[in-house]
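Quick notes on the structure that follows.
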């Protein structure tokens, strides 16, 4: 098939392009840069997906069977109207329009099924609001005009070449014999998706007729606590963590924020929990998640081979550790 990957040069896109090429598809990527490092087999299209005129110009006269829409503009946001403009720019002869949404589209809550209501248009978080509104718009187009849309809702992604400072955040500290800060009591739930599992699901929904018109939760079936996450990361590195529990109130009072610059638990990792049920993907797509420990071991091997180790500034964490009401724990959590 002739496939366009919108946003093909970062974490999901790079892994997806590699898998598509291996499967024998013709692949183009659309992004804002004049070149890429994905090889000569991949056609390069330049456009800002948030700019309708730019999209129309880049896609004029081209036909694709499948579109993967992976891009979100973290600086300005990507609205439902901008996603809709992308759909129209891609023409009306698509076999699939596969939109990368997020578990965040639910807004909040635990154990979500795909049929649960998404976050309202008035939600305070722009990312949550935009993902939910984009999905609603896409499914309206499916109902009214037959758009062959599929949406995917992964939670936290991990794996080799993760550009976000997440797994490496903890491994850097373990290698430097630093304590790991655990916000609150460490019981906040997290749920993960291995990058290779998400890519496998992407390829599966491209071919599965029953996927059209549906959303799919793609994740490890079992959420785990933040304390378990730290232990799993330490196990992958063959280290025993020293963990310090610090109340979130103190972290925030000192200037800490989940998105930085004063990080304390990996980039955007310390969020109110949203979890999901994956039985629909298991039933319709044959989805089977990689064991978390096995995925982390492979990710750690990539980290050891590729991560550039630079001196890190731990002054903020030192200021937290110097405060009162901190609890040290060593070994198995």
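Just so it is clear, none of the values below were taken in a lab; they were calculated from the coordinates. These numbers come from a predicted model, not from an experiment. As a convention, Cβ positions derive from the backbone with ideal geometry for all residues, glycine included, and neighbour counts pool all protein chains shown.
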Problem - Stokes-Einstein D for segment 127-282, Kirkwood Rh over Cα pairs, 10 °C, 1.306 mPa s (µm²/s) - result: 91
Completion exercise
For the chain the translational diffusion coefficient, Stokes-Einstein from a Kirkwood Rh over Cα pairs at 10 °C and viscosity 1.306 mPa s, in µm²/s, is roughly 76
Handout entry: Between segment 296-316 and segment 95-118, the alpha-carbon center distance in angstrom
Key = 31
Completion exercise
For segment 252-299, shape from the Cα gyration tensor axes a ≥ b ≥ c, cut at a/c of 1.5 then a/b versus b/c, turns out oblate
Fill in the blank from the handout: Between the alpha carbon centres of segment 28-46 and segment 75-89 the gap in Å comes to 20
Exercise for the section: Based on the mean of other Cβ atoms within 10 Å per residue, sort peptides 275-284, 66-75 so the most packed one is first. Expected result: 66-75, 275-284
Exercise for the section: Report, in degrees rounded to the nearest 10, the 0 to 90 angle that the Cα long axis of helix 80-89 makes with the longest principal axis of the chain. Expected result: 40
Exercise for the section: Could you order peptides 151-160, 203-212 by the average number of other Cβ atoms within 10 Å of their residues, highest first? Expected result: 151-160, 203-212
Exercise for the section: Using only the alpha carbons, work out the radius of gyration and Dmax of segment 101-191 in angstrom. Expected result: 17.5, 58
Handout entry: Cα-only Debye scattering, segment 15-83: base-10 log of I(q)/I(0) at q = 0.18, 0.19, 0.29 Å⁻¹
Key = -0.77, -0.85, -1.47
Practice task
Would you please put 108-118, 41-51 in order of how densely packed they are, using the mean number of other Cβ atoms within 10 angstrom per residue and starting with the highest?
Solution key: 41-51, 108-118
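With 14 Å as the cut-off, how large is the P(r) tail for segment 171-246, expressed as percent of Cα-Cα pairs?
Result for the distance tail: 69 percent.
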Handout entry: Translational D in µm²/s for segment 1-147 (Stokes-Einstein at 20 °C, 1.002 mPa s, Kirkwood Rh from C-alpha pairs)
Key = 134
Practice task
Please determine, in degrees from 0 to 90 and to the nearest 10, the orientation of helix 195-207 with respect to the longest principal axis defined by the Cα atoms of the chain, where the helix direction is its Cα long axis.
Solution key: 20
Exercise for the section: Return the FRET efficiency for the residue pair residue 279, residue 315: r is the Cβ-Cβ distance, R0 is 45 Å, and the value is rounded to the nearest 0.05. Expected result: 0.45
Handout entry: Residue-averaged [θ]222 nm for the chain, counting only DSSP H segments that reach four residues, each worth -39500 (n - 2.57)
Key = -11000 deg cm²/dmol
Practice task
Express the relative contact order of the chain as a whole percentage, based on alpha carbon pairs under 8 Å and six or more residues apart in sequence.
Solution key: 17
Exercise for the section: Take the alpha-carbon centre of segment 133-203, take the same for segment 257-281, and report the distance between them in whole Å. Expected result: 8
